[in-house]
Amino acid sequence: MTRFTKDHEWIRLEAQGAVIGITAYAAKQLGDVVFVDLPAVGARFAAGAPMAVVESVKAASDVYAPVAGTVAAVNEALRDAPQTVNDDPQGAGWFAVLHLADPQALDGLMDQSAYDALIAGL
């Protein structure tokens, strides 16, 4: 089950934890991604706190923690291949894995249909 934020992040529970990235809509709006600044493993973030930065030919944008948690892993492959965020934003272009402070916090995020309605209005 994937959930979404109004800031265009996605989060999906998997065996290793909650995988986080930016949506296809966000990747398209950014244009060609040229650099990703990933969080440190072990860093703790509150919900809504900036946890990474993605830079494109157009702009640099913060990536926010959808929920509170501790970084368990980061996608090191993005350091050498940041364009993966454009090529597969909701797959291989993931940013980090969080161990959630409160798994119930996911219930407050949008499901796919609610997110689709959000971007349809933009």
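Worth a mention:
- Qualifying residues in the range 92-121 (those that are without any contact (Cβ under 8 Å) to a residue 60 or more places away in the chain and outside any helix (DSSP H, G or I)) - the one farthest from Val67 (Cα to Cα): Gly121
- Arg12 in contact with a helix residue (DSSP H, G or I) (Cβ under 6 Å, 6 or more places away or on another chain) and part of a strand (DSSP E or B): no
- Within the range 25-66, the set of residues being touching a Phe, Trp or Tyr at 6+ places or on another chain (Cβ under 9 Å), without any contact (Cβ under 8 Å) to a residue 60 or more places away in the chain and not in a strand (DSSP E or B) comprises Leu38, Pro39, Ala47, Gly48, Ala49, Ala65.
- Consider the range 70-91 and keep the residues that are in a helix (DSSP H, G or I) and out of contact with any strand residue (DSSP E or B) (no Cβ under 6 Å at 6 or more places or on another chain). The one that is surrounded by the most Cβ atoms within 10 Å (Cβ to Cβ) is Thr84.
- Among (1) surrounded by fewer than 16 Cβ atoms within 10 Å (Cβ to Cβ); (2) closer than 15 Å to Asp7 by Cβ - the single one Gln29 does not satisfy: (1)
- Residues satisfying the stated conditions in the range 1-26, i.e. of a type in the set (A, V, I, L, M, F, W, C) and surrounded by fewer than 19 Cβ atoms within 10 Å (Cβ to Cβ): Met1, Leu13, Ala15, Ala24
- Scanning the range 77-100 turns up no residue that is of a type in the set (Val, Ile, Thr), farther than 21 Å from Leu122 by Cα and touching a Pro at 6+ places or on another chain (Cβ under 9 Å).
- For Ala27, the test of being modelled with pLDDT of 95 or more, of a type in the set (A, V, I, L, M, F, W, C) and out of contact with any helix residue (DSSP H, G or I) (no Cβ under 9 Å at 6 or more places or on another chain) is failed.
The values are calculated or read from the model by the stated rules, or taken from the named source; none is laboratory data. This structure is a prediction, so every number in the text was calculated from the model and none was measured. In this analysis, Cβ positions are derived from the backbone assuming ideal geometry, glycine residues included, and neighbour counts consider all displayed protein chains.
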